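The values are calculated or read from the model by the stated rules, or taken from the named source; none is laboratory data. Everything numeric here is computed off the predicted structure, so don't read it as measured data. Methodologically, a virtual Cβ is constructed for each residue, glycine included, from the backbone with ideal geometry; neighbour enumeration extends over all protein chains shown. For the accessible areas, the whole protein counts, side chains as well, though only heavy atoms, and no ligand, DNA or RNA atoms are used. Shrake-Rupley method; radii C 1.70, N 1.55, O 1.52, S 1.80 Å.
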Amino acid sequence: MFLDQMWLLLLVLAHLAIAGYLLHRLVRLLTADADLQVLGSRLKPGYFNGRVVWITGASSGIGEEMCYQLSKLGAKLILTARTQHKLEEVRNNLYNPENARVLPVDLSDPEATRVSVDKARQLFGRVDMLVNNAGVSTRALFRDLQEHVHRKVMEIDFFAPWILTHGLIEEMIKDGFGHIINISSIWGKAAPSNRSAYSSAKFGLIALMDSIRYEMLDSNVHVTNVAPGPVVTGAGVNALKGDGSKFGVSDNLIATGMSVQRCVEVVLTGVSNQQKEVWVSEQWWLMIPYLSHYCPSLLSHWLSKRARRELEAAKKDK
């Protein structure tokens with residue numbers, strides 16, 4: 001009788017422990033600002049010390065903040081964007097400006113992008129890490145989207161990373177180390193209305209880099225895909241409308257997003273732990289990649305409701 005009671009007590013305690021653990025994980029998930037794997041990791045500062053890191057889109061937003069944080073971690077930086085004077089401003093504000101070089105490139109021009117690979121390699125003799133961060137978003141229904149605008153988005157968001165990665169990866173293999181970091185988006189995990197060009201490029205980027213990662217299994221070249229949610233940057237202002245003109249305003253989605261400082265802290269933690277994918281966002285946007293994996297029907301229902309509101313707004317504007 002006593003043994004039966006003990007077994008019953010142990011069984012109840014085991015169930016309570018499991019329930020408590022699951023509740024703890026659920027609360028952590030619902031209050032997290034990144035995936036649980038990266039939140040359970042610590043930044044390894046030495047991973048970046050002395051590494052040559054080439055960052056595209058370095059003049060603003062996530063790319064600019066990444067320059068500041070990596071400079072403090074001892075990285076040697078190659079800063080790329082279209083405008084030289086903006087890059088010079090960023091370099092002058094770095095913790096170690098003497099360890100940074102400026103390389104202006106228009107990534108919408110495939111030939112200029114291709115030529116930039118050798119130029120970048122010559123600045124420090126090698127490139128250890130490539131951060132494919134430069135990108136442009138869209139705010140347009142597909143039927144209002146002109147083909148040349150979609151092609152421009154694909155050129156910057158997909159083909160420029162393709163060209164840079166393709167140009168560097170053989171040297172990385174020979175050098176015995178490389179790390180490709182790709183700033184995609186939560187809209188590269190789920191495609192909403194008004195983002196057909198942007199989402200198709202970001203989905204493609206993740207797929208491309210996932211495939212490359214498998215091909216690098218017998219080398220010391222790593223690939224990390226990053227899917228940020230809304231981050232307070234100029235992405236909304238610089239987004240393209242269907243005719244190619246700038247959207248011109250920061251929508252509420254961006255204005256109320258995560259701070260760029262916190263976003264980069266999380267990204268660098270994931271990169272330093274060679275994490276394959278990093279999800280980073282304030283709630284509830286962080287749920288989007290989880291739902292796309294585990295409950296796609298629910299996500300589709302929410303995106304449909306969101307699309308209906310946007311369609312009604314578009315009708316009123318017309």
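Side notes on the structure shown:
- Which listed residue, of V27, V53, is among the β-branched types (V, I, T) and modelled with pLDDT under 95: V27
- Count - residues of segment 278-313 that are farther than 14 Å from N225 by Cα and in a helix (DSSP H, G or I): 25
- Screening segment 223-257 for residues that are of a type in the set (V, I, T) and farther than 16 Å from S137 by Cβ and picking the one that is most open to solvent (accessible area, probe 1.4 Å) gives T256.
- Checking Q275, Q261 one by one, the residue that is in a loop (DSSP other than H, G, I, E, B) and either of a type outside the set (S, T, N, Q) or at pLDDT 95 or above (or both) is Q275 and no other.
- Any hit, segment 70-91, residues being of a type outside the set (G, A, S), open to solvent by 30 Å² or more (accessible area, probe 1.4 Å) and in contact (Cβ under 8 Å) with a residue 40 or more places away in the chain: yes
- Scope segment 92-102; condition closer than 19 Å to N132 by Cβ and either among the aromatic types (F, W, Y) or open to solvent by 50 Å² or more (accessible area, probe 1.4 Å) (or both); matching residues: R101
- Odd one out for V105, checked against (1) open to solvent by less than 50 Å² (accessible area, probe 1.4 Å); (2) of a type outside the set (K, R); (3) out of contact with any helix residue (DSSP H, G or I) (no Cβ under 9 Å at 6 or more places or on another chain); (4) part of a loop (DSSP other than H, G, I, E, B): (3)
- Residue list for segment 110-138, restricted to those being within 19 Å of N49 (Cα to Cα) and open to solvent by 30 Å² or more (accessible area, probe 1.4 Å): R121, L123, F124, G125, R126
- Scanning segment 142-168 for residues that are open to solvent by less than 20 Å² (accessible area, probe 1.4 Å), over 16 Å from A58 (Cα atoms) and not hydroxyl-bearing (S, T, Y) turns up V149, V153, I163, L168.
- Residue list for segment 241-258, filter: not in a loop (DSSP other than H, G, I, E, B) and not hydrophobic (A, V, I, L, M, F, W, C): K246, N252
- Matching residues in segment 40-54 - criterion: being touching a residue at least 40 places away in the same chain (Cβ under 8 Å) and either surrounded by fewer than 22 Cβ atoms within 10 Å (Cβ to Cβ) or closer than 16 Å to H85 by Cα (or both): S41, R42, L43, K44, P45, Y47, R51, V52
- From the list N220, N194, the lone residue that is open to solvent by 30 Å² or more (accessible area, probe 1.4 Å), of a type in the set (S, T, N, Q) and in contact (Cβ under 8 Å) with a residue 60 or more places away in the chain is N194.
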